[in-house]
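Taking it in order: structure first as C-alpha cells, then the write-up.
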Ligand SMILES: [Zn+2]
C-alpha cells in the first residue's frame, strides 16, 4: 500500500479557492510567459471637470492590480514603488478645459492594466 495524501475538507476548499483565484492565475501565467510584462497606464480624476483623464504615462509594476484601481487602494499605508512616487505632482491635461492640473489625492489616481488593450511581444 503506497503513501496517500489526505486533505481535510477545509484544506480542499482552500485549494479550490487558490486554483480559481484570478490573481493567482495571472501570476502563474506571468511565470510561464503566457502574459506580457504587466504595464499600467495612469489615469487621473480631473480637479477641473471631474472626469478621468489619461496622464499619458505608462509604468511597469510587478505586483499591480488586475483591474483599474486607485493608488490608495493598491498601496494602503505601504511604500509606493519609485516609479509611482515619480509621478507625484505630475501635470495632466484636462481634455475639456485645456488646462493643466495636478491631482494630489491618491484615491483619484488610478492604475489601469494596459495589457488588455495592447499585446507586448
Ligand atoms: Zn478635466
Suppose the filter is surrounded by 11 or more Cβ atoms within 10 Å (Cβ to Cβ), away from the ligand (no atom under 16 Å from the Cβ), over 22 Å from the mean Cα position of the chain (by Cα) and modelled with pLDDT under 90; does residue 15 pass it?
yes
Being away from the ligand (no atom under 16 Å from the Cβ) and either more than 12 Å from residue 111 (Cβ to Cβ) or over 14 Å from the mean Cα position of the chain (by Cα) (or both) is the filter here, so list the residues in segment 36-56 that pass it.
36, 37
For residues that are in a loop (DSSP other than H, G, I, E, B) and touching a strand residue (DSSP E or B) at 6+ places or on another chain (Cβ under 8 Å), scanning just segment 60-80, find the one that is surrounded by the fewest Cβ atoms within 10 Å (Cβ to Cβ).
67
Within segment 81-94, of all residues that are assigned to a loop (DSSP other than H, G, I, E, B) and within 16 Å of the ligand (Cβ to nearest atom), the one surrounded by the most Cβ atoms within 10 Å (Cβ to Cβ) is 94
Among the residues of segment 95-121 satisfying the criterion of being part of a loop (DSSP other than H, G, I, E, B) and touching a strand residue (DSSP E or B) at 6+ places or on another chain (Cβ under 6 Å), which is modelled with the highest pLDDT?
103
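The values are calculated or read from the model by the stated rules, or taken from the named source; none is laboratory data. Source: prediction; values computed, not measured. Here Cβ is always computed from backbone atoms with ideal geometry, including for glycine, and neighbour counts include all displayed protein chains.
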